[in-house]
Structure formats: structure tokens, C-alpha cells
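*Asks:* Below are the C-alpha cells for one structure; questions will follow.
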Amino acid sequence: MQPAPNHVYQGDCLSWLERIEPESVDLVFADPPFNIGYAYDVYKDRRSPQEYLAWTRRWMSGVWRVLRPSGTFWLAIGDEMAAELKVLAQRLFAGPDGGGGTEVRPAAGHHAEHGRRRRGRKPANAVSVPPEGFTCRSWIVWYYTFGVNCTRAFSRSHTHLFYFVKDPQRFTFNAEDPAIRVPSARQLVYADGRANPRGRLPDNTWILRPQDVPGGFAPRHDTWYFPRVAGTFKEREGFHGCQMPEQLLGRIVQCCSKMGDVVLDPFAGSGTTLAVAKKLRRQWIGLELSPDYVERIGLRLENTRPGDLLDGAADPLTSAPATPAAASRRTSRRRAPLAASQKPSREKQETPQQLLPFLQAPRRSRRGARARTRKK
């Protein structure tokens with residue numbers, strides 16, 4: 001049976017990738033097992049590095065086969081194998097001697113055709129060498145809250161996102177989509193009349209937490225922050241421990257595909273990629289090894305309609321709300337921000353020498369000390 005769009009198929013993705021029509025998919029998002037011993041219900045997430053890389057090469061080759069020449073491939077992976085999988089994807093078809101490439105080599109008569117090649121034309125007897133693999137356009141680090149707490153190492157709170165294309169000269173990137181663009185610094189900070197009114201593309205760095213930079217993650221800003229879907233979050237499906245946030249997948253799908261395009265997830269998991277694709281009016285194909293996950297994905301998709309809003313808050317400041325007790329404590333300590341007219345200018349700032357009497361004075365008399373210092 002040949003897989004058709006808008007269905008979830010249960011079974012090994014290696015087998016299903018061989019059945020999908022070649023060059024029929026526009027976008028692939030893959031969040032494979034990280035090979036860290038995670039307790040899935042069916043898959044055994046503990047292989048030797050050599051076995052894991054060999055298995056990865058097989059399914060990545062299947063992804064290449066089903067992607068259109070202008071197709072895009074996104075890969076989410078953890079620290080343990082991030083560098084290895086990036087190199088593997090880029091050298092997917094390279095031989096053991098490192099051969100391969102995209103240049104054009106003449107089959108014969110190299111010297112006779114040299115002049116024509118220098119003028120930018122292919123020799124009549126040239127042979128095109130297939131590419132070594134995918135081209136990486138961006139290496140993104142997605143920072144999330146509610147990560148894994150460690151006691152003898154830095155706590156894990158990020159995932160690597162690799163953005164690959166088959167052809168670096170031909171791919172979908174909706175740079176003018178208002179849902180993708182953000183206001184520029186010229187618009188926000190400098191009120192520069194030369195600013196592009198459509199804003200600019202986001203940066204490729206997704207860092208920090210809202211708590212670390214007050215006001216730093218308003219919707220107008222250009223850093224990408226998406227909280228991990230923790231167990232208490234409303235959008236949590238509850239049956240899969242590695243659920244991706246819909247807002248994150250939404251940016252990827254809107255940026256790298258068009259309405260009606262086919263989006264494939266070879267490790268469907270909780271079905272987030274498929275739900276986002278359906279909401280954004282794309283066609284979708286899901287492959288999943290676990291029969292239980294397939295059944296639950298089906299229930300999730302039954303309750304999803306094209307045009308539905310993505311789950312999770314688009315504003316990151318509201319996507320990880322504090323508990324009522326913490327919110328009340330924070331409110332009691334919060335000070336209203338100063339208006340622009342109230343903020344002291346650089347010229348009026350007091351020097352450490354001017355503040356010394358104030359710091360040395362008893363707490364009750366500090367107000368008077370500050371006033372006397374200013375009079376001087």
C-alpha cells in the first residue's frame with residue numbers, strides 16, 4: 001500500500017519511507033529518538049553509536065528520496081548525537097574516501113573544454129556528480145523551561161534544530177509572511193523612518209527565559225522562546241513524554257511550506273507536527289511505530305480542524321504562568337516602571353563619591369543624607 005496524505009501509518013518508518021512516492025513531500029520534520037535510553041512503549045532507545053548512526057543514515061536516505069527537489073528537512077536532536085547527525089546529513093551519500101560533490105566533471109577531453117567551462121557553460125560531455133547530502137541553512141538552539149534537572153552537570157534545557165534543504169538554490173522560505181516577520185530595531189528603538197514597515201526576519205537564536213530578562217520576550221522582539229510542554233500545561237496530550245510545542249512547529253511549517261503542501265513526520269509521537277499542519281491547511285503524513293500512539297494521534301486529529309488556532313500562547317510571557325502564590329509575591333514586590341520623562345539622564349546620575357554619605361548614614365536618615373548630597 002502506498003501511503004496517501006492526511007493519514008497516520010503504524011509501523012517502522014524505514015519500511016513506510018520506501019513506499020511513499022518519490023519526490024512527493026515538501027517538508028519533513030523529524031524528532032527521532034535521541035539514543036539516551038528513554039522509555040518508549042515499543043522502541044528500544046539504547047543502541048551502540050555505530051548502530052544508531054547506521055540506522056539514522058537509512059531513514060535520512062528515505063527522507064531524501066521522498067522530498068521534492070525543492071524540499072526542506074528539519075531535524076530535532078539532543079546533545080549526544082547533534083554534531084554526528086549534522087555531518088551525516090550533509091555527507092549522506094559521500095563515499096568512504098570523502099568523494100562526492102556538486103561540481104561538474106567532464107567525462108573526457110578536459111583540456112579541450114576548459115575554455116567553455118571558464119565561461120560558465122557546461123561541456124557537452126560533462127557528467128553531473130550528485131550532491132553529498134543535505135545543505136544546512138541554520139543550526140538553531142531551542143531553549144526551553146522545565147528541562148531535565150541535573151545534580152552533577154549543567155541542567156539540560158535545550159534541543160538542537162537543524163534546518164536542511166536538498167537544493168541550496170531552490171527551496172521554500174516564506175520571508176514575506178507577516179506571521180514570520182518581527183519588528184526591527186530601527187522600528188522599535190530608533191524610530192528610524194528608513195525602517196522596513198514589514199519588519200525583518202527573526203534571528204536564528206532561541207535563548208534565555210522570560211524570567212531572566214523582564215520585558216525581553218514581548219511579541220515584538222526577535223528572539224525565539226518556546227517553553228517545553230510540561231505535564232501541567234493545558235496543551236499536554238498526556239501520553240507522550242517528548243511533546244513539541246505547537247507554536248514552535250507553527251513557525252517552521254509557516255516558514256518552509258505553503259498551503260496545500262505535504263508535510264511528513266516519520267516519528268509522529270504525540271502528533272504535534274500533523275496537528276499543526278492540519279491547522280495551517282497543509283496536507284500531512286504521519287509514521288509511527290507504536291500502535292497506542294497511532295490511536296491517540298487519531299483522536300487528537302479528529303478534534304483538529306483546518307484554521308484552528310495553534311495551542312499555546314503566542315506571547316511567551318504567558319506561556320509559562322507562575323503559580324498563584326508566586327504571582328502574589330511577585331506583585332507585592334513589583335515596582336511600576338518609570339516613564340521616559342522620569343528616568344534620570346546620564347548627566348544627572350550620582351557618582352560613587354556623591355553617594356558615599358548616603359550609604360554610610362543610618363537607614364532612617366538616608367533620605368535626608370541624599371538630599372544634602374544633591375544640594376552640594
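Throughout, read-outs are computed from the coordinates displayed, never taken from laboratory work. Everything numeric here is computed off the predicted structure, so don't read it as measured data. Using ideal geometry, Cβ is built from the backbone for each residue, glycine included, and neighbour counts are taken over all protein chains shown.
*Asks:* Starting with the highest mean, order 30-36, 302-308 by the number of other Cβ atoms within 10 Å, averaged over the residues of each peptide.
*Replies:* 30-36, 302-308
*Asks:* Next up: Would you calculate the separation in nanometres between label points at residue 172 and residue 91, each defined as 7 Å from the Cα along the Cα-to-beta-carbon direction?
*Replies:* 3.2 nm
*Asks:* Another one. Quick check: from the Cα gyration tensor, does the stretch 257-304 come out rounded (a/c under 1.5), prolate or oblate?
*Replies:* oblate
*Asks:* May I pose another question? Past 22 Å, Cα to Cα, is the threshold; run 166/258; 86/258; 166/278 against it and keep the listed order.
*Replies:* Exceeds cut-off: 86/258; 166/278.
*Asks:* Listed highest first by mean packing, meaning other Cβ atoms within 10 Å per residue, what order do 290-296, 49-55 come in?
*Replies:* Ranked from most to least packed, the peptides come out as 290-296, 49-55.
*Asks:* Under 5 Å between amide H atoms, partner at least 5 residues away or on a different chain: which partners does residue 72 have, H built in plane at 1.01 Å?
*Replies:* Amide H neighbours of residue 72, under 5 Å, 5+ apart: 27, 28.
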